[in-house]
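Comments concern the structure below.
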Amino acid sequence: MKVTTQKPLDPKEIGPGKSRQTDQRAKQSGEAAAKESSPVVSRTSLTATRVKEAIRNTPDIRADRVDAVKIKIQSGTYRVDADQLASKLIAESLREDIERDG
């Protein structure tokens with residue numbers, strides 16, 4: 001038989017069927033579970049939520065720009081910048097190639 005100098009267990013502190021270490025582990029895991037279940041919202045998450053909300057609130061068609069272009073077409077003042085159009089077409093084509101080829 002081995003004799004130790006440990007303090008004897010007090011049943012009032014531990015409760016039925018538990019050891020002191022088991023009780024301490026249960027308390028620590030309970031604290032960890034409480035931390036995990038508490039709602040923590042990161043700054044990135046808030047920003048993403050705000051961006052998504054702004055996108056949802058933005059109309060798909062910007063009527064003000066469409067109306068401005070219609071007025072220019074009707075009055076004969078609408079002009080297409082061929083260089084700018086060509087640049088955008090090339091850039092879009094290259095972007096599609098990169099996405100496709102990975």
Quick calc of log₁₀ I(q)/I(0), segment 43-101, Debye, one scatterer on every Cα, no solvent, q values 0.12, 0.21 1/Å, result -0.62, -0.92
Label model pair Tyr78, Arg100: point-to-point distance (7 angstrom along the Cα→beta-carbon line) in nm is 2.9
Once both label points are put 7 Å beyond Cα along the C-beta direction, the Arg62-Thr44 separation in nm becomes 2.9
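Coordinate-derived values only; no laboratory data. Note that the structure is predicted; figures quoted are calculated from it, not measured. Methodologically, a virtual Cβ is constructed for each residue, glycine included, from the backbone with ideal geometry; neighbour enumeration extends over all protein chains shown.
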